[in-house]
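Heads up: the structure comes next, in structure tokens.
Read-outs: derived from the displayed coordinates by stated rules, not from any lab. Bear in mind the structure is a predicted one, so any value in this text is a computation, not a measurement. As a convention, Cβ positions derive from the backbone with ideal geometry for all residues, glycine included, and neighbour counts pool all protein chains shown.
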């Protein structure tokens, strides 16, 4: 393809309710969208970087800057561009995986739209719908938590994930188990809030028969996770630690994880996410698709990824109304605990112009 240009569009989306993790509390999302325009088609990408460098070193302003100054000029000048080439073209620029992932996604979307092929078909989807879990943030009280979980179960979500941190872990998990029983698929996510010194404390979660404990230790502490995995019975899942297929293979080999959370933005794009899926499948390690409070643009691509055969656990690909009153695309609606995999060209959805205009706070056009 030949690129005409790339639009960087900043939007602000208020959340249905505050979302609190061990990193902090979000009440709205400052989101960077990309629109790649080629001679054949347009494509959309979504950058999952947050407003502050807390989940990772990336943040929205930084992503916009590196895209504007380095990444977009590199691909605009490329004579024969496709999504596979994006990774090698951008490789000289270190890091910035979320910005790279958004650009690769937009290029891939444009490429597939031009060819009339879907994201699911391109990635290797084997299902036409995916099971959905939901991520439940840290609450002010156990009662508030139980009410929230009850609402999500009533809505049909097939798995509950509880955010935890020191001081909010054993008691909320026990309360959810006592209230809703052992049949509820339940897991916890620590977002790096603990250290190996907390291993015996984390082992107190073992009796609750959790699917997994996600990223309990620092993202760089692969060895610590391997040691923790020998102490606790609950399967250890890595999230922030996994930034490439090579690192996933190393973590599995060292016994640091029994499960992997795959987030395309965190690993540099959907093609690398597929490679991580393949590595994990080769080692018999199940994967699931995490979420970063995406709009319908990112959600559509995530649902397609989650339909690959190795994604055997429900992901965080929740319905649109989990986070937003109004999505920028036609909403994804939960149906018996599942979301449909889009089948249209590219990501299979288009932004709604009126909604997109209403939430846009800035836009700039980068061209040849």
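Extension gain for residue 39 to residue 209 (0.36 nm times residue separation, less C-alpha to C-alpha distance): 55.8 nm. When you restrict to C-alpha pairs under 8 Å that are six or more residues apart and normalise by the size of segment 121-340, the relative contact order lands at 23 percent. Exposure proxy ranking for 356, 67, based on other Cβ atoms within 10 angstrom of each Cβ and starting from the fewest, stands as 356, 67. Computed extension length for residue 84-residue 128: 13.4 nm, one decimal, from 0.36 nm per residue of separation with the Cα-Cα distance subtracted.
Beta bridges from DSSP with both residues in the chain: antiparallel share about 60 percent, rounded to the nearest 5.
Going by the alpha-carbon gyration tensor, a ≥ b ≥ c the square roots of its eigenvalues, is segment 121-340 rounded (a/c under 1.5) or, if a/c is not under 1.5, prolate (a/b greater than b/c) versus oblate? Oblate. Computed from label points 7 Å out along Cα-Cβ, the spacing between residue 4 and residue 246 is 3.8 nm.
Within segment 1-42, which residues have the backbone N less than 18 Å from the label spot 7 Å out from residue 357 along Cα→beta-carbon, could you tell me? What the label zone holds, given the 18 Å backbone N cut-off, is 9-12. The modelled label-to-label distance for the pair residue 326/residue 253, using points 7 Å beyond Cα in the direction of Cβ, is 5.2 nm. Per residue of the chain, the DSSP helices (runs of n ≥ 4 H) give a summed -39500 (n - 2.57) that works out to -10000 deg cm²/dmol at 222 nm. If a/c stays under 1.5 just call it rounded; otherwise compare a/b with b/c (prolate if a/b is bigger, oblate if not). Do that for segment 286-339, with a ≥ b ≥ c from the square roots of the Cα gyration tensor eigenvalues. Because a/c hits 1.5 or more and a/b exceeds b/c, segment 286-339 counts as prolate.
Maximal additional length on extending the residue 140-residue 185 stretch stands at 13.9 nm, based on 0.36 nm per residue less the C-alpha distance.
Cα centroid separation, segment 1-63 to segment 292-321: 16 Å. The calculated FRET efficiency for the pair residue 364 and residue 117, based on their C-beta separation and a Förster distance of 25 Å, comes to about 0.25.
The distance from the alpha carbon centre of segment 245-281 to that of segment 78-145 is 14 Å, rounded to a whole number.
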